[in-house]
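Q: Take this structure, written in structure tokens, and hold onto it; I'll ask about it next.
The values are calculated or read from the model by the stated rules, or taken from the named source; none is laboratory data. Keep in mind it's a predicted model, so treat the numbers as computed, not measured. With ideal geometry, Cβ positions are generated from the backbone for all residues, glycine too; neighbour counts draw on all protein chains shown. Areas reflect the complete protein model, heavy atoms only, side chains present, ligands, DNA and RNA absent. Shrake-Rupley method; radii C 1.70, N 1.55, O 1.52, S 1.80 Å.
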Amino acid sequence: MNECMDIERLNGLEGHDGSDVEGGNVNRPGSLRECLSVEGPGFRGQYCQVFLKQDKVEYFVGVCVPDSCTDSEVQTLVIHEAFQKQQMSLLPSVPSILIPDSTLGIFMTQCHSDSPNIDLSAIVCLSVCCALLALPLIASIFVALIKRKQMREVAPVVGLAQTSNSKQYGTVLTNGSANQNKECSPDLDTTQTKTQNAESKQQSLSKTVVSWLQGFSVQNCSQGLLDTEGSGRSYSSLNGIRILSLFWIISGHTVHFSAWSHLDNEKRWKEMVENNPLYVLTFSGPVYLAVDSFLVLGGLLSAKSLLGTIRRSDNTLSVGLVVNYLFKRFKRIQPLHLFIVCLVISLFSVVPRGVFWFFAEDQVLSCKKYWWSNLLLINNLLTITDICAPWTWYLSIDFQFYATTPLLIFLYRMNKCALVVVSVVLLMLSSVTGALITSFLHLPVHQPTTLAYESYFQYYYNKPYTRYGPYLLGVLAGIYMTTKKEALIKHQWQAVIGWLCSLSVMALLVGLAYVLRDVPPHLSIPHAIYQGIHRSLWALALIWIILACEEGYGGFVDTFLSLSLWAPLSNISFACYLIHPIIIILYNGKQEITMHYTDFNFFYLFLGHLVLSIFIGYVLTVLIEKTYLFQPKR
């Protein structure tokens, strides 16, 4: 403790005010690099963060202390006001212009080590990630060598075949003697048969091994990923909707992950963005309606897929078929999903910490403790602060909804009226549940920009009982579009009315989110009604767009959504969705100073995150997603 008290030479490196205090800058990170570069007799500089709370505002101040100091010792020094320079505290409270007459308190102190925090779990996860990536690369090398060997053998085999044919022609002339010799040597015939059988088994085994190697190879898994022919098939508009929704989510996360702790003008950002519908594509209002678009597509395609499987199975919906249907889905999503979990633990443990590394560190701790919830696809049922890789909650809820599709198809095949009744009841339950939770917990109807409304995430946002509406409507749309006998839209005026209603509903839903932005302290009927029905209404409007495009009434919207560009991007969209938050967290965590929000700055960031996500997403699709479907090439 005595060595730790000698901090005079380091006091000048503590956190300092940013450039925009009135604009909301409360974090004072200081300089991590400068602190770690300090060396003295018997000590080195160690960067620590003191997390403070002043009323509802939480922020941190970076301090530089000798490397002999522990977290508890630094907190003791803070309490005794040891961090001062010229009689002024280097851990000042938030200016009164932001929070008047408030009380300052310390709730955590954390010191950073300049060495990676690698433990057994990080080593295991790193090994798993390396093994999963290495296997397809090794298989690709073997396949390339086998093909090269086969190409070399082509010319000699042709020459040998010609020589063999000439010899066979000569033996035909003396066929009688040859046959006489064979008849006189029955043991020779038996030996040849055994040899042929052994060679046949060896060739069969060799073909099996080569088939599996080809199935794991990059050459096989990359085939068709960049094809644009998907735009000419049915439901081609889904590719455009999927990719635009993905772009919307990446844009929202780019701002979302930064807004919580990385902005030096947070107050000005809120004033500029939160109340302006023009920013709905970044992080404002109902920004994550894009997730409901994903749920609609998931429900529609799940119904289409299951009905097609039933038709190919003699029109029988059996228990075995349902089990196989669910297992294929599980096998489809889990290899890459679990790879991402291992990547979070290993990557964020190996990479040296940055100033804003606390979010990445939280992810490591959550994944080490609750990885099993991702394996069982139930992590959306946990508290939001405990979810490992919180963006993967969508995979869990999607699989849970996916498991209900066979039941809905069964009701459709048994009695269409029963399907309608059950669907109406489920839709009403989902809407009423969302409305009641919003009313009693006083939740916002928009995506909160901070964790001040933790109950929004804990009880509403990612729970199956509040998000089932869009998926259910997607299943019903899939059943109708797969089994319909004639077009729904028969006249031009019907298409016009449908488009007007659809676009009006979407615009109204976005606008009302800003009208109802303020959260009243009492029960609010308008807030409850909006929260209960807005996701299902969005789904209905989107379904109309899909149906209109499918029946030839999409116009330029269908042309845009069916562009050939969207098909290859759609093939890698799953990997892009899973990897993009890691890229954003890594970028934010390694920053040494807070970021200044401007439209151009964050648009530039969005483009950078998007390009990296597409590139890495393609690599992961080839090496992980497609590889571990375990489909040997035939």
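Q: From (1) buried (at least 18 other Cβ atoms within 10 Å of the Cβ); (2) over 28 Å from residue 235 (Cβ atoms); (3) β-branched (Val, Ile, Thr); (4) out of contact with any strand residue (DSSP E or B) (no Cβ under 7 Å at 6 or more places or on another chain), pick out the condition that doesn't hold for residue 621.
A: Evaluating residue 621 over (1) buried (at least 18 other Cβ atoms within 10 Å of the Cβ); (2) over 28 Å from residue 235 (Cβ atoms); (3) β-branched (Val, Ile, Thr); (4) out of contact with any strand residue (DSSP E or B) (no Cβ under 7 Å at 6 or more places or on another chain) leaves (2) as the failure.
Q: Could you say whether any residue in region 591-605 is open to solvent by 10 Å² or more (accessible area, probe 1.4 Å), assigned to a helix (DSSP H, G or I) and closer than 16 Å to residue 226 by Cβ?
A: Checking region 591-605: not a single residue is open to solvent by 10 Å² or more (accessible area, probe 1.4 Å), assigned to a helix (DSSP H, G or I) and closer than 16 Å to residue 226 by Cβ.
Q: A further question follows. What pairs come out if I take residues in region 584-611 that are closer than 12 Å to residue 255 by Cα and pair them with residues that are open to solvent by 60 Å² or more (accessible area, probe 1.4 Å) whose C-beta lies under 9 Å away, six or more apart or interchain?
A: 595/601; 596/19; 597/268; 597/272; 599/272; 605/587; 609/587
Q: Testing residue 336 on (1) in a helix (DSSP H, G or I); (2) free of Cβ contacts under 8 Å to residues at least 60 places away in the same chain; (3) within 27 Å of residue 237 (Cα to Cα), one condition comes back false. Which one is that?
A: Only one criterion is unmet by residue 336, namely (2).
Q: Something else: Mind listing just one residue for me: the one in region 440-457 that is open to solvent by less than 50 Å² (accessible area, probe 1.4 Å) and in a helix (DSSP H, G or I) and, of those, farthest from residue 306 (Cα to Cα)?
A: Here the answer is 455.
Q: Of the numbered conditions (1) modelled with pLDDT of 60 or more; (2) assigned to a helix (DSSP H, G or I); (3) more than 22 Å from residue 610 (Cβ to Cβ), residue 198 satisfies every one except a single condition; which is it?
A: (1)
Q: Moving to a separate point now. In region 311-333, what residues are in contact (Cβ under 8 Å) with a residue 60 or more places away in the chain and farther than 21 Å from residue 398 by Cβ?
A: 317, the sole residue that qualifies.
Q: Could you list, in sequence order, all residues of region 440-485 that are of a type in the set (Ser, Thr, Tyr) and closer than 24 Å to residue 544 by Cα?
A: Within region 440-485, 466, 468, 471, 480, 482, 483 meet the criteria.
Q: Mind counting the residues in region 330-344 that are open to solvent by 60 Å² or more (accessible area, probe 1.4 Å) and over 15 Å from residue 575 (Cβ atoms)?
A: Result for region 330-344: 1.
Q: Here's something else I'd like to know. With respect to residue 401, determine if the residue is open to solvent by less than 50 Å² (accessible area, probe 1.4 Å), among the hydrophobic types (A, V, I, L, M, F, W, C) and under 30 Å from residue 480 (Cα atoms).
A: The answer is yes for residue 401.
Q: Can you pull out the residues in region 290-310 that are closer than 22 Å to residue 393 by Cβ, open to solvent by 20 Å² or more (accessible area, probe 1.4 Å) and in contact with a Ser or Thr (Cβ under 7 Å, 6 or more places away or on another chain)?
A: The answer is 294, and nothing else.
Q: Give region 562-609 a look and list any residue that's among the aromatic types (Phe, Trp, Tyr) and within 22 Å of residue 295 (Cα to Cα), or say none.
A: Residues satisfying the conditions are 566, 574, 577.
Q: Still on this structure, please answer the following. Identify all residues within region 384-408 that are of a type in the set (A, V, I, L, M), out of contact with any Ser or Thr (no Cβ under 9 Å at 6 or more places or on another chain) and part of a helix (DSSP H, G or I); write none if there are none.
A: Passing the criteria: 384, 395, 397, 407.
Q: Only one of these conditions is not met by residue 319: (1) among the β-branched types (Val, Ile, Thr); (2) farther than 30 Å from residue 594 by Cβ; (3) modelled with pLDDT of 95 or more. Which number is it?
A: Condition (3) is where residue 319 drops out.
Q: Separate question: If you go through region 151-164 one residue at a time, do you hit one that is at pLDDT 80 or above, open to solvent by 40 Å² or more (accessible area, probe 1.4 Å) and of a type in the set (S, T, N, Q)?
A: no
Q: Another question about this same structure. Which of (1) modelled with pLDDT of 95 or more; (2) farther than 19 Å from residue 303 by Cβ; (3) not aliphatic (A, V, I, L, M) does residue 470 not meet, given it meets every other one?
A: Exception for residue 470: condition (2).
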